[in-house]
1. Using the count of nearby Cβ atoms within 10 Å as a rough guide to exposure, how do 81, 27 rank from fewest to most?
2. Assuming 0.692 mPa s and 37 °C, estimate D for the stretch 115-161 with Stokes-Einstein, Rh taken as the Kirkwood radius over Cα pairs, in µm²/s.
3. So what's Rg/Rh here for the stretch 44-224, counting alpha carbon atoms and using the Kirkwood radius for Rh?
4. Tell me, in nm to one decimal, what length is gained between residue 35 and residue 182 on full extension, where the rule is 0.36 nm per residue of separation less the Cα-Cα distance?
5. At 0.36 nm per residue, minus the direct Cα-Cα distance, what do residue 127 and residue 20 gain on full extension? Give it in nm, one decimal, please.
6. On the Cα set of the stretch 180-219, report Rg and Dmax in Å, please.
7. Pick from 145, 49, 93: which residue has the top mean-square fluctuation in a GNM of the chain where Cα pairs under 10 Å get a spring?
Amino acid sequence: MRAAAAAIITITTTMTTTTRTAGLLRLQAWLSPAFPTGGFAYSHGLEWAIECGDVANAPALQVWLDDVLRHGAGRTDAILLRHAHRAAGDVSALRDLAELAAATSPGRERRDESLNQGRAFVLAGGAWGTAVMPDDPAYPIAVGALAGTHGIDEDATTAAFLQTFATNLISAAVRLIPLGQTAGLHVLAALEPVILDTAEATRHATLDDLGGCAFRSDLAAMRHETQYTRLFRS
């Protein structure tokens with residue numbers, strides 16, 4: 001009996017470990033810079049912030065991204081992603097979330113940034129099988145819904161999503177300031193506690209908690225719409 005029980009425990013543990021590992025592999029693929037969402041084409045208003053002198057070096061970039069993660073789109077998207085993860089498979093709930101996500105965008109380019117990446121993510125994610133998706137889901141809705149469909153841990157998905165968000169913006173800054181790759185990596189390392197704090201702070205957030213106060217970042221995104229010389233789409 002003991003031997004049989006031990007064998008069952010071993011098999012169960014192995015299956016659980018394999019499932020978690022498969023989920024990690026999928027997250028790494030979906031949130032990799034190589035995944036074709038077009039994230040490299042967007043600066044989230046950072047291009048204007050750099051041109052006007054708000055972000056001129058690595059310390060300023062770190063402060064800027066800290067604010068965006070804690071009080072801006074980082075926090076908002078993390079809340080939306082978590083709710084989409086929990087609503088995976090429920091097309092009506094996901095449709096409502098998609099409409100809400102589109103409405104949270106403070107400007108045209110921010111809205112396009114999220115919706116365009118969401119569409120691209122859904123298209124590319126189809127390689128892992130079909131999932132229930134609303135029409136035109138914003139990026140965090142698409143990621144949350146697909147991860148939830150595959151049973152990938154919600155906390156891990158949220159943290160990985162925020163890490164990718166920060167990485168994309170640091171990559172833009174490396175090209176725009178310009179900033180060395182090593183300096184960019186130091187900024188990313190310094191933001192790790194911020195990413196973890198934001199993921200933790202949004203764990204029990206409701207949709208009524210949506211909102212932000214990263215006003216300078218929002219204004220930068222709006223000003224970018226009419227910026228004369230641009231390398232990025234937002």
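Read the figures in this text as sums done on the coordinates, not as results from a lab. Just so we're clear, the structure is a prediction, and the values are computed from it rather than from any experiment. So basically every Cβ, Gly included, is an ideal-geometry build from the backbone, and we count neighbours across all protein chains shown.
1. Details: 81 29, 27 21.
If I rank by nearby Cβ atoms, fewest first, I get 27, 81.
2. It comes out at roughly 310 µm²/s.
3. Working: Rg = 15.8 Å, Rh = 16.4 Å.
Here the Rg-to-Rh quotient is 0.97.
4. The residue 35-residue 182 span can extend by a further 50.6 nm.
5. Numbers: separation 107, 0.36 × 107 = 38.52 nm, distance 1.92 nm.
Result for the pair: 36.6 nm of gain on full extension.
6. For the stretch 180-219, the Cα-based Rg and Dmax read 13.9, 40 Å.
7. Per the Cα network of the chain with a 10 Å cutoff, 93 tops the list.
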